[in-house]
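Participant: First the structure, which I've put down as structure tokens, then a few questions once you've had a look.
The values are calculated or read from the model by the stated rules, or taken from the named source; none is laboratory data. Here the structure is a predicted model, which means the values were calculated and not measured. Positions of Cβ are backbone-derived with ideal geometry, glycine not excepted, and every protein chain shown enters the neighbour counts.
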Amino acid sequence: MGKKKSVEEINEKIRSGRAVVLTAEQVAAMGRESTPAAVAEKVDVVTTGTFGPMCSSGMFINFGHSDPPMRMERLTLNNVPVFGGIAAVDAYIGATETALPHDQYGGAHVIEELLEGKDVLLQATAKGTDCYPRTEIKTLINKERVNEMIMFNPRNAYQNYNVAVNSTSKMKYTYMGTLLPSLGNATFSTSGELSPLLNDPDMRTIGIGTRIFFGGATGYVAWHGTQFNTGKPVNEHGVPIGNSATLALIGNAKEMSTRFIKAGYFEKYGVTMYVGVGIPIPVLDEDMARRVMIRNSQIETNILDYGNPASGVLGRADYQSLFSGTITLNGKKIRTAPLSSVKVAREIADILREEIMAGRFMLTEPVELFRKTTGLNSLQIKL
């Protein structure tokens with residue numbers, strides 16, 4: 001093994017303008033002709049990016065106190081229900097909550113409009129108390145008039161995710177998009193070799209406190225994400241197969257951009273939110289170099305039948321095939337379509353690279369690394 005580098009040593013090189021920073025795609029291409037030892041010697045930081053639908057997302061808002069004050073209990077923003085059971089004027093709006101019966105408009109749209117600086121209608125009621133006598137309020141808010149807008153997403157940046165197909169004779173409308181009958185198409189949602197957690201599959205450098213690109217602003221890894229599962233099998237390249245680790249992310253939504261936070265809607269399924277995430281990976285040694293050299297052809301995931309979930313895993317596909325537009329399953333060629341945008345993921349990795357090279361974005365060591373898990377619990381119906 002060659003010389004090991006520390007995060008502080010790499011930060012010193014960033015401060016002095018000597019750091020070599022490449023995107024994950026650039027290092028993957030470099031790896032075709034270089035060894036891990038050579039990459040570890042030459043490269044200090046690898047930038048990653050992903051931009052796709054991440055339903056487990058939302059935002060805390062502090063509205064500020066009215067006169068007379070009110071302890072808001074039942075709230076809506078543009079008629080989208082908001083959770084207010086966390087104090088007088090704090091609330092959390094979930095990305096997938098909808099303004100029923102209009103399920104094509106929801107929390108993600110409200111968040112996007114607030115980020116754009118638009119006015120949003122706040123309506124709230126309460127029983128009234130001695131210290132909070134007001135019982136109703138109706139007013140317009142925007143990002144300049146509220147105190148805080150804190151994006152907190154409990155489950156983002158899946159390490160890998162399944163390919164979705166539909167073997168039945170009927171169209172299926174899912175969070176993986178519209179699936180045509182009789183294996184008419186296949187959808188997937190990962191940026192492949194650009195994806196953050198696929199470039200550090202053991203999460204040696206990613207943990208609580210890691211500084212990241214989040215929605216166009218600086219954010220942080222707050223915790224492991226919900227449904228965090230490091231117990232999935234890995235392929236010969238050490239890459240988890242199927243959906244595995246996730247991240248809980250936090251950042252100042254007032255600084256975010258609608259270029260990297262976008263509302264979306266899946267037909268007959270519901271609202272989602274597209275989120276842009278980029279994580280810098282310090283190349284500490286040869287092992288990390290080998291990890292960041294991963295190529296789409298070396299990353300595999302499971303193919304699942306969303307029309308018949310009981311059928312289990314139908315096969316595997318690598319991301320080179322998925323991005324080519326066609327995969328083959330049991331001798332049948334199936335058209336593929338990504339739900340995530342590699343174009344925007346590439347843009348995120350490029351922006352992060354520029355920020356690091358300019359000395360405006362320093363790396364952080366995790367306060368604590370994530371623990372390994374063995375699997376997930378399923379909800380048991382006891383009544």
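Participant: Check 222, 217, 186 and return the single one that is touching a strand residue (DSSP E or B) at 6+ places or on another chain (Cβ under 9 Å), modelled with pLDDT of 95 or more, surrounded by 20 or more Cβ atoms within 10 Å (Cβ to Cβ) and not basic (Lys, Arg).
Facilitator: Selected residue: 186, the only one of 222, 217, 186 that is touching a strand residue (DSSP E or B) at 6+ places or on another chain (Cβ under 9 Å), modelled with pLDDT of 95 or more, surrounded by 20 or more Cβ atoms within 10 Å (Cβ to Cβ) and not basic (Lys, Arg).
Participant: Read through the list (1) farther than 19 Å from residue 194 by Cα; (2) part of a helix (DSSP H, G or I), then give the number of the only condition that residue 366 fails.
Facilitator: Failing condition for residue 366: (2).
Participant: So, one more: Within segment 178-208, take every residue that is assigned to a loop (DSSP other than H, G, I, E, B) and of a type in the set (Ser, Thr, Tyr) and give me the one that is nearest to residue 264 (Cα to Cα).
Facilitator: 189
Participant: Scan segment 93-121 for residues that are in a helix (DSSP H, G or I), without any contact (Cβ under 8 Å) to a residue 60 or more places away in the chain and either closer than 17 Å to residue 74 by Cβ or not assigned by TED's automatic domain parsing to the domain that holds residue 82 (or both) and jot them down.
Facilitator: Scanning segment 93-121 gives a single hit, 110.
Participant: Answer yes or no as to whether residue 265 is crowded, with 19+ Cβ neighbours inside 10 Å and of a type in the set (Ser, Thr, Tyr).
Facilitator: When the stated conditions are applied, residue 265 does not pass them.
Participant: Please work out which residue is farthest from residue 48 (Cα to Cα), limiting yourself to segment 348-363 and to residues that are out of contact with any helix residue (DSSP H, G or I) (no Cβ under 7 Å at 6 or more places or on another chain) and assigned to a helix (DSSP H, G or I).
Facilitator: 357
Participant: Scan segment 27-63 residue by residue and report those that are modelled with pLDDT under 95 and either within 18 Å of residue 356 (Cα to Cα) or among the small types (Gly, Ala, Ser) (or both).
Facilitator: 31
Participant: Being touching a Ser or Thr at 6+ places or on another chain (Cβ under 6 Å), part of a helix (DSSP H, G or I) and touching a residue at least 40 places away in the same chain (Cβ under 8 Å) narrows it down to one residue among 337, 345, 289; which is it?
Facilitator: 345
Participant: Here's another thing I want to ask about it. In segment 233-255, how many are without any contact (Cβ under 8 Å) to a residue 60 or more places away in the chain and under 24 Å from residue 300 (Cα atoms)?
Facilitator: 4
Participant: Shifting gears a bit: Residues to consider are 344, 277, 271; find the one that is closer than 30 Å to residue 105 by Cβ and in contact with an Asp or Glu (Cβ under 8 Å, 6 or more places away or on another chain).
Facilitator: Values: 344 fails: in contact with an Asp or Glu (Cβ under 8 Å, 6 or more places away or on another chain); 277 fails: in contact with an Asp or Glu (Cβ under 8 Å, 6 or more places away or on another chain).
Checking each option against the conditions leaves just 271.
Participant: Give the residues of segment 125-155 that are touching an Asp or Glu at 6+ places or on another chain (Cβ under 7 Å) and crowded, with 19+ Cβ neighbours inside 10 Å, sorted by residue number.
Facilitator: 126
Participant: Search segment 177-228 for residues being of a type in the set (Val, Ile, Thr) and over 13 Å from the mean Cα position of the chain (by Cα), and hand back the single one that is nearest to residue 260 (Cα to Cα).
Facilitator: 218
Participant: Acidic (Asp, Glu), in contact (Cβ under 8 Å) with a residue 24 or more places away in the chain and either in a loop (DSSP other than H, G, I, E, B) or not assigned by TED's automatic domain parsing to the domain that holds residue 305 (or both): does that describe residue 130?
Facilitator: No: the conditions fail for residue 130.
Participant: Just checking, which of 326, 272 is buried (at least 21 other Cβ atoms within 10 Å of the Cβ), assigned by TED's automatic domain parsing to the domain that holds residue 247 and not aliphatic (A, V, I, L, M)?
Facilitator: That would be 272, the only listed residue that is buried (at least 21 other Cβ atoms within 10 Å of the Cβ), assigned by TED's automatic domain parsing to the domain that holds residue 247 and not aliphatic (A, V, I, L, M).
Participant: Could you say which residue among 360, 290 is out of contact with any strand residue (DSSP E or B) (no Cβ under 9 Å at 6 or more places or on another chain), surrounded by 13 or more Cβ atoms within 10 Å (Cβ to Cβ) and modelled with pLDDT of 95 or more? Explain how you work it out, then say what you get.
Facilitator: Details: 360 fails: surrounded by 13 or more Cβ atoms within 10 Å (Cβ to Cβ).
None of the others qualify; the one that does is 290.
Participant: State yes or no: is residue 37 farther than 22 Å from residue 213 by Cβ, in a helix (DSSP H, G or I) and touching a residue at least 60 places away in the same chain (Cβ under 8 Å)?
Facilitator: So residue 37 fits the description; yes.
Participant: Further question: Return yes or no: is residue 81 farther than 30 Å from residue 358 by Cβ, modelled with pLDDT of 95 or more and not in a strand (DSSP E or B)?
Facilitator: no
Participant: Which condition number does residue 66 fail, the rest of (1) under 29 Å from residue 362 (Cβ atoms); (2) of a type in the set (Gly, Ala, Ser); (3) modelled with pLDDT of 95 or more being met?
Facilitator: Only one criterion is unmet by residue 66, namely (1).
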